[in-house]
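Peer 1: Below is the structure I would like to discuss, written out as structure tokens.
What follows draws every value from the coordinates through simple rules; no lab data is involved. If you're wondering where the values come from, they're calculated on a predicted model, not measured in any experiment. Heads up, the Cβs are rebuilt from the backbone with ideal geometry, glycines too, and the neighbour counts pull from every protein chain shown.
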Amino acid sequence: MKLAPRFAPGAAGNLFSPVEHGPHEHVDVLAERGDLTIERIVSMAHASPAGFWYDSPRDEWVVLLTGAAALEFEHDAARHEMRAGDYLLIEAHRRHRVAWTHPDQPTVWLAVHYSAEVDKAPDDRR
């Protein structure tokens, strides 16, 4: 497994370790292998810039571990509010943004990014 430089084989950590809060989300790449990436994202009073949309070529499964947040999806007027324990699959190229995260406590996400090709049977990947 290819790991981020600060993580070595056999390394351990805690998903709830505190981070210094700044104007941007804090992202730790916990593990990478092939087209699979697992990240811990810590946000506090964060929102995507106006007019900005995430547009990933990979599917993203996210679970909110602590805090609260709301996501917006392009061409969908409703906000998707999330609380601790909520999870969501965001399909590749489904444009989305963070509307807000909790202003007074860290919002900790676990994000798993993977290729949609993973869902196909081996014979269907050609």
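Peer 1: Calculate, in nm to one decimal, what Ala99 and His24 gain on full extension: separation in residues at 0.36 nm each, minus their alpha carbon distance. It would help to have the intermediate numbers written out before the result.
Peer 2: Working: separation 75, 0.36 × 75 = 27.00 nm, distance 1.37 nm.
Result: 25.6 nm gained on full extension.
Peer 1: Using each residue's phi in the stretch 73-82, evaluate 6.51 cos²θ - 1.76 cosθ + 1.60 at θ = phi - 60° and report the 3J(HN,Hα) Karplus result to the nearest Hz, with x for Gly and Pro.
Peer 2: Using θ = phi - 60°, the values come out as 10, 4, 6, 9, 5, 7, 8, 9, 7, 10 Hz.
Peer 1: Turning to a different aspect of this structure: With θ taken as phi - 60° and the coefficients 6.51, -1.76 and 1.60, list the Karplus ³J(HN,Hα) couplings across the stretch 93-103 in order, rounded to whole Hz; mark glycine and proline as x.
Peer 2: 6, 7, 5, 8, 8, 8, 6, 6, 10, 3, x
Peer 1: As a footprinting exposure proxy, order Glu81, Glu32 by other Cβ within 10 Å, with the fewest listed first. Intermediate values should be presented prior to the final figure.
Peer 2: On the way: Glu81 13, Glu32 16.
Fewest-to-most Cβ neighbours within 10 Å comes out as Glu81, Glu32.
Peer 1: Can you work out the Karplus-derived ³J(HN,Hα) for every residue in the stretch 54-60? Use 6.51 cos²θ - 1.76 cosθ + 1.60 with θ = phi - 60°, whole Hz, and x for glycine or proline.
Peer 2: For the stretch 54-60, the Karplus-derived couplings read 6, 9, 8, x, 10, 5, 9 Hz, x marking Gly and Pro.
Peer 1: Can you give the extra length, in nm with one decimal, that the chain gains between Tyr54 and Thr66 once fully stretched, where that is 0.36 nm per residue apart less the Cα-Cα distance?
Peer 2: That pair, Tyr54 and Thr66, stretches by 2.1 nm at full extension.
Peer 1: Once a ≥ b ≥ c are taken as the square roots of the eigenvalues of the Cα gyration tensor of the stretch 29-85, is the result rounded (a/c under 1.5), prolate (a/b larger than b/c) or oblate (a/b not larger than b/c)?
Peer 2: In terms of gyration-tensor shape, oblate.
Peer 1: First check a/c for the stretch 1-114, with a ≥ b ≥ c the square roots of the eigenvalues of its C-alpha gyration tensor; if it is under 1.5, answer rounded, and if not, answer prolate when a/b is larger than b/c or oblate otherwise.
Peer 2: Verdict is oblate for the stretch 1-114.
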